[in-house]
Amino acid sequence: MNIAIVGATGNVGRKIIEVLEKKELSIDNLYLVASSKSAGLKIKFKEKEHEVFDLENFDFSKAKITFFAAGGKISEKFAVNAAKNSIIIDNSSYFRMDPDVPLIVPQVNPEHLNDIKKNIIANPNCSTAQLVIALKPLHDLFKIKRVVVSTYQSVSGGGKAPMDELIEQTKSVLDNKKVVSKNFTKQIAFNVIPQIDIFSDEGYTKEELKMTNETKKILDEKIDLTATCVRIPVLVSHAESVNIEFEKPFSLEKIHSLLNRAEGCEVYDKREDGGYMTPLESEGKNETYISRIREDKTKKNTINMWIVSDNLLRGAALNSIEIAELLIKKING
Ligand SMILES: NC(=O)c1ccc[n+]([C@@H]2O[C@H](COP(=O)([O-])OP(=O)(O)OC[C@H]3O[C@@H](n4cnc5c(N)ncnc54)[C@H](OP(=O)(O)O)[C@@H]3O)[C@@H](O)[C@H]2O)c1
């Protein structure tokens, strides 16, 4: 199996390389691709230095599967052509709502892999991926009517540059120097920003609309979801405060056991000081952690919970590779 990664020098690309190293996929050749500025750079994979190729003249027929992780504009410009010769797993938002492109979280809707029409498969937004993994087992049993979610998203969700900027801004504040925001709409150090991506006419940001639309496409069109997405000064992992209304009555014991048994989920909920997961502790872990599960006594059949997961892993690299694993199984019959 020959594999290519477009955006191999970025946050998600590097994570894909890291996860591929640990997986048992047999890879004959790995092609690393990025912009002309990175061409010639060497990145280690399985003890061997791999040269980075310039996207502009990369031949996609070399790779059976190509991961795209270089942003929507690059996917828009290169993925359709690349898909003539390679199966594309795209991390950007560009194809996610295309009806001819399946949007997949392997633990939730693997059957959508049968709907490939353009040789392109989309990977969801990082906040959506961790949310639907936790919603799926509950929806199967109690039927979700409505979800109200507020996110606490780390700066790595925006790429490598915002991570560097958070560190720079933090140093500037501590050194009493002037803070200049380049990748954020306001100062992020020692602050929180209730805007991720651009605003729509209705006042929701694009990130918030992505959560609504992608959850419907992956899990169930009938689920109503409203979101408030917030950037916080944390490097990696996203947290979400989630209120879920079911059609059917539930018991908290059943919810605990369903979530604990669900693939990709782990309940960490001790109802004591520190008995919950935080972004820092979830960094580098594959699981989606669920804490603070409690009944919302103000509304019938409703619960509150706290979901935490590594956005670069679960929300991007790991999910993409799990899609590739499903695909390889399908190809090999
Ligand atoms: N971060 C997350 O949590 C997350 C989760 C889900 C999906 N995603 C999506 O994944 C994609 C990548 O995100 P990221 O966080 O990895 O971003 P990033 O750290 O900013 O990396 C961007 C990558 O794209 C490459 N690139 C930029 N312009 C290019 C060009 N003109 N030609 C070829 N390559 C180019 C960069 O290469 P150079 O180093 O050569 O510039 C770099 O490898 C985005 O679409 C993002 O929305 C991210």
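Which members of the range 149-186 meet the condition of being in a loop (DSSP other than H, G, I, E, B) and of a type in the set (D, E, K, R)? 175, 177, 178, 182, 186 - these are the residues of the range 149-186 that are in a loop (DSSP other than H, G, I, E, B) and of a type in the set (D, E, K, R). Just one of the numbered conditions (1) in contact (Cβ under 8 Å) with a residue 24 or more places away in the chain; (2) hydroxyl-bearing (Ser, Thr, Tyr); (3) touching a Phe, Trp or Tyr at 6+ places or on another chain (Cβ under 6 Å) is not true of residue 75: (1). What residue, among those in the range 79-99 that are touching a strand residue (DSSP E or B) at 6+ places or on another chain (Cβ under 8 Å) and of a type in the set (D, E, K, R), is farthest from the ligand (Cβ to nearest atom)? Only one residue tops the list, namely 98.
The lone criterion from (1) open to solvent by 10 Å² or more (accessible area, probe 1.4 Å); (2) within 20 Å of the chain's Cα centre (by Cα); (3) closer than 20 Å to residue 330 by Cβ left unmet by residue 9 is number (3).
All of (1) more than 16 Å from the ligand (Cβ to nearest atom); (2) hydrophobic (A, V, I, L, M, F, W, C); (3) open to solvent by less than 10 Å² (accessible area, probe 1.4 Å) hold for residue 116 with one exception: (3).
List the strands (runs of 3 or more DSSP E) that sit entirely inside the range 224-333 and contain at least 3 residues that are surrounded by fewer than 21 Cβ atoms within 10 Å (Cβ to Cβ). Result: 224-231, 238-246, 288-295, 302-309.
So for the range 304-319 (the condition being of a type outside the set (Gly, Ala, Ser), over 30 Å from residue 9 (Cα atoms) and free of Cβ contacts under 8 Å to residues at least 24 places away in the same chain), does at least one residue qualify? No - not one qualifying residue is present in the range 304-319. Residues that are away from the ligand (no atom under 15 Å from the Cβ) and more than 19 Å from residue 318 (Cα to Cα) within the range 1-41 comprise 28, 29, listed in sequence order.
Within the range 187-203, being over 20 Å from residue 233 (Cβ atoms), open to solvent by 80 Å² or more (accessible area, probe 1.4 Å) and either in a strand (DSSP E or B) or touching a helix residue (DSSP H, G or I) at 6+ places or on another chain (Cβ under 8 Å) (or both) holds for 198, 199. Scanning the range 42-72 for residues that are more than 8 Å from the ligand (Cβ to nearest atom), in a helix (DSSP H, G or I) and either open to solvent by less than 20 Å² (accessible area, probe 1.4 Å) or within 20 Å of residue 121 (Cα to Cα) (or both) turns up 60, 61, 62.
Among the residues making up the range 172-186, those that are on the phi < 0 side of the Ramachandran plot, out of contact with any helix residue (DSSP H, G or I) (no Cβ under 6 Å at 6 or more places or on another chain) and either of a type outside the set (D, E, K, R) or surrounded by 12 or more Cβ atoms within 10 Å (Cβ to Cβ) (or both) are 172, 173, 174, 180, 181, 184, 185, 186.
The values are calculated or read from the model by the stated rules, or taken from the named source; none is laboratory data. Predicted model only: the values in this text are computed from it and were never measured. As a convention, Cβ positions derive from the backbone with ideal geometry for all residues, glycine included, and neighbour counts pool all protein chains shown. The accessibility values were calculated without ligands, DNA or RNA, using every heavy atom of the protein model including side chains. Shrake-Rupley method; radii C 1.70, N 1.55, O 1.52, S 1.80 Å.
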